[in-house]
Each structure stands twice: as structure tokens, then as C-alpha cells.
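Before any comments, here is the structure.
The values are calculated or read from the model by the stated rules, or taken from the named source; none is laboratory data. This one's a predicted model, so the numbers in the text were calculated from it and none came from an experiment. Don't worry about glycine lacking a Cβ; one is built from the backbone with ideal geometry, like all the others, and counts go over all protein chains shown.
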Amino acid sequence: MSTQEMEQLVQREYKDGFVTNIESETLPPGLDENTIAFISNKKGEPEWMLEWRLKAYRQWLKMTPPSWAHLDYPPIDYQAISYFSAPKRPEDRPQSLDEVDPKLLETYEKLGIPLHERAALAGVAVDAVFDSVSVVTTFKAELLEAGVVFCSISEAIRDYPELVKRYLGSVVPQADNYFAALNSAVFTDGSFVYVPEGVVCPMELSTYFRINAENTGQFERTLIICEDRAQVSYLEGCTAPMRDENQLHAAVVELVALEDAYIKYSTVQNWYPGDENGVGGIYNFVTKRGDCRGDRSRISWTQVETGSAITWKYPSCVLRGKDSIGEFYSVAVTNGRQQADTGTKMIHIGEGTRSTIVSKGISAGRAEQAYRGQVKVGPRAKGARNFTQCDSLLIGDQCGAHTFPYMEIGNSTAQVEHEATTSKIGEDQLFYCRARGISEEDAVNMIVNGFCKDVFQELPMEFAVEAEALLNVTLEGAVG
Amino acid sequence: MLEVKDLHVSVDGNEILKGLSLTINAGEVHAIMGPNGSGKSTLSSVIAGKEDYEITSGSVTFDGKDVLAMDIEERARAGLLLGFQYPVEIPGVKNIYLLKAALNAKREALGLGEMPAPEFMKLIKEKIAAMKMDASFLQRAVNEGFSGGEKKRNEILQMIVLEPRLAMLDEIDSGLDIDAMKVVADGVNSLRSEERSMLLVTHYQRLLDYIVPDRVHVLVDGRIAKSGDAELARELEVRGYDWVLEESAA
């Protein structure tokens, strides 16, 4: 097959490109302390929260954006971004789906997320973030009965201030990095989950993030806490409407797992990647970190990343507790002009800690992708073990894959294994499938899905199906 | 059924096939033999549609249709199926999934719907037993970690499931011990029928003791230098290829 044919094969239009016209109460572009006070006031936050934000902002002012990533994008003008946009009538929030703006529901329908059906059929509680304010929270009562708190971070600041004060910023400090500091200053919403001691969350928790209002950066803040022996599985999925402007997204996710607790965090991300020239895609600068604070605790990150023009994302685990476990399973697909610098960090501090990293990168078109992974074993982490497997698959000959593994081993009893492969999607594999009568497009899907299988099987069932479908759409083309 | 006329094929400017002609009628089994580098595998690959070959002149027709104008998958769906000398591994793709996709692609081309799952499972169970393969093969990734013999059996399994009209088997005997070869040969023989033809590409005569061909062709330097019946294969086993080379040079 020629390169040109390959290119055709991986062309596709973004399927979720549309805009819902809902009157927004939007701040004019610009960022200063007044902006932050406005946001904090809008959210009805207590004084301590405003102080916390301002402290982050003042630190952010002294910081510079990171330049080490294998990414190429023009400097971002932070004064050109609007930092608050809420759907109309924020004080008069709908109490049920019947009260929700039908246009909003229509938007979800177009995305294939019939919220009510989905929630009811799948038994999944959905905290949907539309622009910056949580609009709908379902199954809250059932969760509360089990003792699980699942609400927006804004609500949590009002209703569970002690928990928020104790844990917010305890995993990702305000000045952790440039984008985390910005997020800490201006975050508008996100999810909060608290699972008390000994409780296994009775359902999988899911949030759909969307970016809608023009030029509005989304700054989500998610905090999940599992007390001793508690367990939760959290699903996050995203799509966004087609846009011409680059949209900045700088989320922070913090996970805290105490003794014997288990947090599974799964993401399917499909943000607008830009057109074939890379114009208009989402810039996604995310800080995700889990803290295995308790002994024998476990945090597992699974991600399927297919969207965004720029992805800068390293879901990480700090393995503090003795015998704690960190896992990272990732599929990242870049196509067209997409760029991704993604990977993970596993910081082994406690004795007997273990980590597993399985990263599958697929590059097509003119996309560039880098895996960046750090494994750090501290002097106290006796008997720590890490296994890293990092595979790249190239489709066509104009894309790139790069691997940057960093290992710092401060302990002679540690065992660290690293395996890396880069392969071109086999012309031989394609020929083999086609010589069995399977169409070229189906063959590519089959081979790519096979390549990603180790990761897909870590996803919750309904997400795995979605992920496969998404991958097929991502690599869909005009064959024949 | 298959008609190859004066076929000239080059790779990177080197001519591999230099005017090859061959006719295979329905129900016939033809064997292509010849020394290494004579172009044996090129012939079946070109018929199956492998790219990287430049066809400079000549024609290939199958039931009167121009094969060279068809896509790879169209050829397969029309019933031209290649059994590979070196079947590739496809990690993460279950064998049964490939079989199902291939069978349904063919059914779709024939205007039939997808085969219902119970019917498919019944069919596969029957065929896998015929190949003396363990059912666990179906759940393993395509050819991944298979031994040489297992890969070849798997090729024949695909053949007996997909039931091609012309099966082209490229060195299906290479790397097989005698027991495995018997199983493979039994599989191939079970496919023999009035309507189905075969093209066996082989280096050794051994296979032809088990699958007795109607016609044997010796390929030398990109052309068929000599044709005969099964007896010719035995003669080649005894005398080697040199005499054919000398004869054709003369």
C-alpha cells in the first residue's frame, strides 16, 4: 500500500463536531486576582478557598511553562482566555433531568450519551460537567445510602469543607507545575468522591467532561478519596464540539488511597484534535496523580487517548504505603497533526511496592508521539519491583514515535524491567488479512485493536466496547 | 478456471517471472516445483495480489475475470486463497476472530448475511477436529507463538473453513515433521473436488506423495521449463533440477 493510500485510510472527520447554543454567563477574557475573586464568588465559596486560589495564582505568576516536552505549539496567551462560563440560571439549578435545558440533553444525544437512559440502564451515576457547572447529578441518593459522596467539587467545598481542606492539593500541590498552579487558581468545577472506610462503591462512577463555550479554558479539578479498605471505579470520558480556536484544558486529578484501598480510574478521551492542518484542536495539559498513602493500597490508571491537538499528560502513582501497587495502562492514538507527550511516573517510596506500566502508542498521518516514563525507587523501598512495557505502532511513514524512559534506582534490592518495541503496522499483517478477504479498513482496525488488547482488557466492560469503537472511528478512512 | 498468460513480473527492476503461462482447470491439482530463486513463490503471491511486484506484461484471469484489476480482498472473496509459507503473527487478535471476519467477508460478497454464532461454532469445532488441533488454538492470537507446524495447520484450517475455489499453497510442507505433514495433506485432500482446483508450490517431492498432483511444472528462471504428470516429480527427486536446467538451456 502506498503512503498516500495509508493517509487516506487514516483520514476521518471529527464526528462530535457541533456547537450547542446555550446562553452563557461568560467572563471577558483576561486573568488577574479579580478574575479569581469573581469565580470564587460565583461558586459561593468560603474565604479560605479564595485564599487558597490566590496563593496558587501568586505562585503561578512566578512560574514558566515547561519546555522539556516533545511538543511544538505557539505560546499560549493566558490573557486571551475567558476563565468562567456557566450555563444560564446557575442559582436555579435543575433538580431532575426533566428540568434540564432540552438543548443540553440534545447535545448529549448527539454525542451518543443519552444520559437518562444510560444512567438508568447501566446503573452508572453520572455527574455531567457542561461548561463549568455541574448540571445533573444522578443516583446521588443511592450512593449516599452506601455512604459514598459523589458530587461536584463546588458542592464539596460547601458541604464537606473539612475533607476538601485536608486533601485538596495534598497530592498535587498548588505549585507542583505550571498548569497545576493555573488550575489551582481558576478551577471552576469537577468531581469529588469520598468512599468511607470499608465501603465498596456499589456502582461505577462516571463523568462526562465537555468543552463548549468558545474560548473558554476548562479547568477541572477532581478529588477522589478512599478510606481504609474502600474501593471505587471511576470512569471519565470526554468529547467536544468542533472549534476554530485552540482551547486550553488544564485539569488536575488527585487520588488518595488509604490502607488496603483500591482506586481504579479509567479515561476515554476524544477531544477535538484539530483539522488536517492541526488548526483548532484542544490543548490538553493535565496533571493526574494518585497517592497510595496506606499500606497495601492500589491505584490503577487506564487511559485511552485519541483526541486533542496537544496532549501533555502523565498519570502517576506515589507508592508511599508498604506493599502498595501502582498501575498504568495506556493507549494513545495520534493522527493528522496531533502531538502527544504522555506517560507516567511511578515513585516507589515504601517497602515492597510494585508498579506495572503498559503503554501502547499508535501514530498515523503526520502525528508525533512520545512516551515519557519515570520509575524512581527510593532508598527505603526495599524489594520494590517495576515492569514497564512500552510499544509503539506506526501507520504510514510520516509519523513519529519516541520513547523517553527515566529510571532512578536508589536501592540495590529493586527489580526493574523495561521492554520497548516500535513497529510499523505490518504490510505483511495487512496483506495476510486482506488475502483472507478482510477489507483493508477492517484489517487495520483488527490489527490496531489487537495491539491495544492488553490495555483494553483493563477497562470496565462498557468502556472497553466504547474504546474499541472510538479507535475504529479514529482510524476510519475513505477506503475504496 | 485460472489462466495465466505470458506473465512478466519484476521486483525493484529485476525480472523474476519472464513470460509464464499456466492453465488450471476445475478439479485439477497442479504442483509448481523448481530450484530456489526460480520465482515459485512470486507466482502465487502475484496471483493473490501482494504489492511490491511490478507486472510489466501478461494477464491473469479467473473464471474469465481480470484478476490483476481486483483488490486483494476481492480476489480472496472470489475464491482465490493463498496459504502462506510464513504466516504472520497478529498479536492480540484471536484466531477465531480472524476466521469469523474472513468467513463473513466472503459471505457478504456472496450476498449472504453473517453466519449465526451457533452455526459458526459448530462449523469451527468440526473443522478444528479435522485438523487435529486443540480448541484452545481458537482463543490464541493469530499464529503468535505457534510452532512452524502449528502455523501450517492453521493455514489449512483457514482453507477448509473458507473453502476456496482455487487454493494456492506456498511451501505448505516446509518445516513439517512427517506426522504434521500427513495431517496437513489430509486437510488438503479433503478439499479436493470436481469444482475446486489447487496450486501447490513446493521445493520437495515428498509432499506430492501425499497430495498427488494432476500436473507438475518445473519453474526455471521465471518460465515453466518442463511440465508432466506426478511421475515428473519423482524423477526430479531422483535426478535433481540440473538436467531440466540443461535441457531448457539447450
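Of these, B:VAL161, B:VAL218, B:VAL183, which one is touching a residue at least 24 places away in the same chain (Cβ under 8 Å), touching a Lys or Arg at 6+ places or on another chain (Cβ under 8 Å), assigned to a strand (DSSP E or B) and among the β-branched types (Val, Ile, Thr)?
B:VAL218
Tell me, please, whether a residue that is out of contact with any Cys (no Cβ under 9 Å at 6 or more places or on another chain), assigned to a helix (DSSP H, G or I) and under 15 Å from B:MET133 (Cβ atoms) can be found in the stretch B:189-200.
Yes; the residues of the stretch B:189-200 include at least one that is out of contact with any Cys (no Cβ under 9 Å at 6 or more places or on another chain), assigned to a helix (DSSP H, G or I) and under 15 Å from B:MET133 (Cβ atoms).
Are any of the residues in the stretch A:194-201 over 17 Å from A:GLU142 (Cβ atoms) and in contact (Cβ under 8 Å) with a residue 12 or more places away in the chain?
There is at least one residue in the stretch A:194-201 that is over 17 Å from A:GLU142 (Cβ atoms) and in contact (Cβ under 8 Å) with a residue 12 or more places away in the chain.
Of the residues A:ASP98, A:ASP72, which single one is within 30 Å of A:ALA401 (Cβ to Cβ), surrounded by fewer than 16 Cβ atoms within 10 Å (Cβ to Cβ), assigned by TED's automatic domain parsing to the domain that holds A:ALA175 and modelled with pLDDT of 50 or more?
A:ASP72
Conditions: (1) of a type in the set (Lys, Arg); (2) more than 13 Å from chain A (Cβ to nearest Cβ); (3) in contact (Cβ under 8 Å) with a residue 24 or more places away in the chain. B:ARG77 meets all but one. Number of the miss?
Single failed check for B:ARG77: (2).
Taking B:LEU138 as meeting all but one of (1) in a helix (DSSP H, G or I); (2) at pLDDT below 90, write down the number of the exception.
(2)
Grab the strands (runs of 3 or more DSSP E) fully contained in the stretch A:113-191, keeping just those with 2 or more residues being among the polar types (S, T, N, Q) and at pLDDT below 90.
So the answer is A:133-137.
Does A:GLY343 count as in contact (Cβ under 8 Å) with a residue 40 or more places away in the chain and not in a strand (DSSP E or B)?
No: the conditions fail for A:GLY343.
Listed residues A:LYS313, A:LYS382; which is of a type in the set (D, E, K, R), surrounded by 21 or more Cβ atoms within 10 Å (Cβ to Cβ) and farther than 20 Å from A:HIS418 by Cβ?
A:LYS313
Between residues in the stretch A:304-328 that are at positive phi and residues that are modelled with pLDDT of 95 or more and surrounded by fewer than 24 Cβ atoms within 10 Å (Cβ to Cβ), which pairs lie under 7 Å by C-beta distance while being six or more apart or on different chains?
If the second residue must be modelled with pLDDT of 95 or more and surrounded by fewer than 24 Cβ atoms within 10 Å (Cβ to Cβ), the pairs left are A:ASP323/A:ASP295; A:ASP323/A:ARG296; A:ASP323/A:GLY352.
Yes/no matrix, rows are residues, columns are (1) modelled with pLDDT of 90 or more; (2) facing chain B (nearest Cβ under 8 Å); (3) surrounded by fewer than 22 Cβ atoms within 10 Å (Cβ to Cβ); (4) over 21 Å from B:ILE47 (Cβ atoms):
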residue	(1), (2), (3), (4)
A:ALA414	yes, no, yes, yes
A:HIS418	no, no, yes, yes
A:GLU427	no, yes, yes, no
A:GLY437	yes, yes, no, no
A:ASN449	no, yes, yes, yes
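Scan (1) of a type in the set (Val, Ile, Thr); (2) under 24 Å from A:ARG385 (Cα atoms); (3) not assigned by TED's automatic domain parsing to the domain that holds A:TYR234 for the single condition A:VAL256 breaks and write down its number.
(3)
Could you check, for the stretch A:242-252, whether at least one of its residues is farther than 20 Å from A:THR188 by Cβ and either modelled with pLDDT of 95 or more or β-branched (Val, Ile, Thr) (or both)?
No: zero hits.
When you scan the stretch B:30-42, do you find a residue that is touching a residue at least 40 places away in the same chain (Cβ under 8 Å) and within 14 Å of another protein chain (Cβ to nearest Cβ), even just one?
Yes, the stretch B:30-42 has at least one match.
Can you name the residue in the stretch A:366-418 that is assigned to a strand (DSSP E or B) and of a type in the set (Gly, Ala, Ser) and, of all such residues, is farthest from the chain's Cα centre (by Cα)?
A:GLY400
Quick test of your reading of the structure: A:MET346 fulfils all but one of (1) over 20 Å from the mean Cα position of the chain (by Cα); (2) buried (at least 19 other Cβ atoms within 10 Å of the Cβ). Name the failing condition by number.
So the condition that A:MET346 fails would be (1).
Mind checking which pairs have a first residue in the stretch B:197-215 that is under 17 Å from B:VAL238 (Cβ atoms) and a second that is among the polar types (S, T, N, Q) and crowded, with 23+ Cβ neighbours inside 10 Å, Cβ under 8 Å, 6 or more apart or different chains?
Short answer, once both residue conditions are applied: B:LEU208/B:THR202.
Restricting attention to the stretch B:187-208, report how many residues are within 15 Å of the chain's Cα centre (by Cα) and surrounded by 15 or more Cβ atoms within 10 Å (Cβ to Cβ).
Selection size over the stretch B:187-208: 14.
Take the stretch B:30-48 and flag every residue that is touching an Asp or Glu at 6+ places or on another chain (Cβ under 8 Å) and either closer than 14 Å to B:LEU166 by Cα or in a strand (DSSP E or B) (or both).
B:HIS30, B:SER44, B:SER45 - these are the residues of the stretch B:30-48 that are touching an Asp or Glu at 6+ places or on another chain (Cβ under 8 Å) and either closer than 14 Å to B:LEU166 by Cα or in a strand (DSSP E or B) (or both).
Which of the residues spanning the stretch B:85-97 are within 7 Å of chain A (Cβ to nearest Cβ) and either over 23 Å from A:ASN449 (Cα atoms) or buried (at least 24 other Cβ atoms within 10 Å of the Cβ) (or both)?
B:ILE90, B:VAL93, listed by residue number.
Please name all residue pairs, on different chains or six or more residues apart, with Cβ atoms under 8 Å, provided the first residue is in the stretch A:54-73 and is among the aliphatic types (A, V, I, L, M) and the second residue is in a loop (DSSP other than H, G, I, E, B).
Pairs found: A:ALA56/A:GLN174; A:ALA56/A:ALA175; A:MET63/A:ALA175; A:MET63/A:ASN177.
Scanning for something hydrophobic (A, V, I, L, M, F, W, C), modelled with pLDDT of 85 or more, touching an Asp or Glu at 6+ places or on another chain (Cβ under 7 Å) and surrounded by 15 or more Cβ atoms within 10 Å (Cβ to Cβ), does the stretch A:48-64 turn up at least one residue?
Yes, the stretch A:48-64 contains a residue that is hydrophobic (A, V, I, L, M, F, W, C), modelled with pLDDT of 85 or more, touching an Asp or Glu at 6+ places or on another chain (Cβ under 7 Å) and surrounded by 15 or more Cβ atoms within 10 Å (Cβ to Cβ).
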